[in-house]
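Novice: What follows is a single structure, and I will ask about it in a moment.
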Amino acid sequence: MLVAANWKMFKTRAETGAFCDAFEPPAGVDVVVCPPFTSLDVAVASGLAVYAQNVHWAQEGAFTGEVSAPMLLDLGVVGAIVGHSERRQYFGETDETVARRIVAALGAGLRVIACVGESEEEREAGQTELVLRLQVEAIADAAGAHPGLVLAYEPIWAIGTGRTATPELAAEAHAFVKGILDVPVLYGGSVKPDNAAELLGRDAVDGALVGGASLEVDSFEAICRAAIPS
Ligand code: PEP
């Protein structure tokens, strides 16, 4: 089981340090934190496993505002989220750029959590499997079942909305995704302490990518505990 905290554009360096000082990852579950770029070094210094929230495909170059895999490794960062729906929605990320980022990150030795998921309109139009197929095939064609690669199924309508996929719906989507690319699949979308055990109890659910509920130590620790295999 892997539980990842996606802090998005939250937490100053002081807030990151305070969280890491107070947070005690429970034994029996892999935990990673994904702070903003400005706090990565603070989180690394705490001894926690740290992923970035994005990574560029080039090693270096004229790409203003971007950060490369060798630069992250230089900081002690061990992985990166790639293709989060907020990157796809607000920053023009496409299946092609997601694939390029994944290949470069894995090639450099970073681990990767690659995000996929359908919008509410796509689900209502009966296009969930089509959308997932296109997104996952782009990743599978580029990277295959690389040992450093994990997918996160994050239905966009469940991210930051308080609406969670039912465990049945999540399990169905995870099984579909694994049928295309057989790697571990995390669930993401309004995971909270009170729904984590039920979601993480499903066979096809290999962990969680947690946004809002990862910002507070108590709620994130509770979710991590729910991931410990019984
Ligand atoms: C996310 O940002 O990946 C996420 C799942 O957010 P939240 O848990 O807040 O829905």
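The values are calculated or read from the model by the stated rules, or taken from the named source; none is laboratory data. Owing to the predicted nature of the structure, the values given are computational and were not obtained by experimental measurement. Positions of Cβ are backbone-derived with ideal geometry, glycine not excepted, and every protein chain shown enters the neighbour counts. Please note that ligands, DNA and RNA were not included when accessible areas were found on the heavy atoms of the full protein model with its side chains. Shrake-Rupley method; radii C 1.70, N 1.55, O 1.52, S 1.80 Å.
To keep it simple, each residue is scored yes or no on (1) away from the ligand (no atom under 12 Å from the Cβ); (2) crowded, with 17+ Cβ neighbours inside 10 Å; (3) of a type in the set (D, E, K, R).
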| residue | (1), (2), (3) |
| --- | --- |
| Val183 | yes, yes, no |
| Glu198 | yes, no, yes |
| Arg202 | yes, no, yes |
| Val205 | yes, yes, no |
| Ala208 | no, yes, no |
| Ala226 | yes, yes, no |
| Pro229 | yes, no, no |
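Novice: Inside the range 120-169, can you point out the residues that are within 16 Å of the ligand (Cβ to nearest atom) and surrounded by fewer than 17 Cβ atoms within 10 Å (Cβ to Cβ)?
Specialist: Hits for the range 120-169 are Glu120, Gly160, Thr161, Gly162, Arg163, Thr166, Leu169.
Novice: Taking into account only those residues within the range 20-42 that are within 16 Å of the ligand (Cβ to nearest atom) and open to solvent by less than 10 Å² (accessible area, probe 1.4 Å), which is nearest to Ile228 (Cα to Cα)?
Specialist: Val32
Novice: Here is a follow-up. Only one residue in Gly107, Gly92 is out of contact with any Lys or Arg (no Cβ under 6 Å at 6 or more places or on another chain), outside any strand (DSSP E or B), without any contact (Cβ under 8 Å) to a residue 60 or more places away in the chain and on the phi > 0 side of the Ramachandran plot, so which one is that? Can you show your working first?
Specialist: On the way: Gly107 fails: on the phi > 0 side of the Ramachandran plot.
It is Gly92.
Novice: Residue check: is Val191 in contact with a strand residue (DSSP E or B) (Cβ under 7 Å, 6 or more places away or on another chain) and either closer than 22 Å to Ser219 by Cβ or in a loop (DSSP other than H, G, I, E, B) (or both)?
Specialist: Numbers: in contact with a strand residue (DSSP E or B) (Cβ under 7 Å, 6 or more places away or on another chain): yes; either closer than 22 Å to Ser219 by Cβ or in a loop (DSSP other than H, G, I, E, B) (or both): yes.
Taking the combined requirement at face value, the residue satisfies it.
Novice: Here's another thing I want to ask about it. Go through the range 51-75 and give me each residue that's part of a helix (DSSP H, G or I) and surrounded by fewer than 21 Cβ atoms within 10 Å (Cβ to Cβ). Please lay out each step first, then the result.
Specialist: So in the range 51-75, the residues part of a helix (DSSP H, G or I) come out as 69-75.
If the condition is that a residue be part of a helix (DSSP H, G or I) and surrounded by fewer than 21 Cβ atoms within 10 Å (Cβ to Cβ), then Pro70, Met71, Leu73, Asp74, Leu75 are the ones that fit.
Residue-by-condition table, conditions (1) within 16 Å of the ligand (Cβ to nearest atom); (2) free of Cβ contacts under 8 Å to residues at least 24 places away in the same chain; (3) open to solvent by 20 Å² or more (accessible area, probe 1.4 Å); (4) at positive phi:
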{"position": "Ala5", "(1), (2), (3), (4)": "yes, no, no, no"}
{"position": "Met9", "(1), (2), (3), (4)": "yes, no, yes, no"}
{"position": "Ala49", "(1), (2), (3), (4)": "no, no, yes, no"}
{"position": "Val77", "(1), (2), (3), (4)": "no, no, no, no"}
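To keep it simple, each residue is scored yes or no on (1) more than 20 Å from Gly107 (Cα to Cα); (2) of a type in the set (Ser, Thr, Tyr).
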site	(1), (2)
Asn6	yes, no
Ala14	yes, no
Cys20	yes, no
Gly28	yes, no
Leu40	yes, no
Gln53	no, no
Thr64	yes, yes
Pro70	no, no
Val82	no, no
